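What follows is a short report on a single structure.
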Amino acid sequence: MTISFKKSRDFIIIQLNGSLDTKLIREVEEDFEQILSQYPTMNILLNMKELKYLSSSGLKTIISLRSVLNDSNLELRICNMGRPVREVFEMTKVLQFFKIYQDEESALLAINELDLEDMD
């Protein structure tokens, strides 16, 4: 499992690569904590294009990230969710609690559209 990230306007885009399973949870939680402490006022877009497997423990970590962001009035969005990962979200009935986009471009376009609406 590798994590990389980049900054794009009001969002940090985190790229998840590989498998997010029980044995890697602590490492991923530490990476998320480091990103949150480095960018405490930034929303997060999780790009799951290269995420091949998500365990229930991995899902719990993503739900925890969403909770931390929500407590700070920030957002977590997800894009490029593959079928196996989506099935984990669907089976556990948590899909409805996330903003999911087909790809990074559409997620960023939606973000930009919201910014324009706020200006009206």
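No lab work stands behind these numbers, since they all come straight from the coordinates. Remember, predicted model here, so these are calculated numbers, not experimental data. FYI the Cβ positions are ideal-geometry reconstructions off the backbone, even for glycines, and counts take in every protein chain you see.
For this structure, a couple of remarks:
- Contour excess over end-to-end distance, with Cα ends at residue 30 and residue 63 and 0.36 nm allotted per residue: 10.4 nm
- Length-normalised contact order of the chain in % [C-alpha pairs under 8 Å, at least 6 apart]: 23 percent
- Trypsin sites (Lys or Arg not before Pro), loop per DSSP, at most 12 other Cβ atoms within 10 Å - longest free stretch of the chain: 10-92
- Relative to the longest principal axis of the Cα atoms of the chain, helix 56-71 runs at roughly 30 degrees.
- Estimated distance in nm for a label pair at residue 99 and residue 86, the labels positioned 7 Å out from Cα along Cα-to-Cβ: 2.0 nm
- Angle of helix 25-38 to the longest C-alpha principal axis of the chain, folded into 0 to 90 degrees and rounded to 10: 20°.
- Segment 57-109: C-alpha gyration tensor shape, a/c 1.5 cut-off, then a/b vs b/c: oblate
- In this calculation the C-beta distance from residue 73 to residue 53 is compared with R0 = 22 Å, giving a FRET efficiency of 0.10.
- Longest to shortest principal axis, alpha-carbon extents of the chain, angstrom: 46, 29, 23
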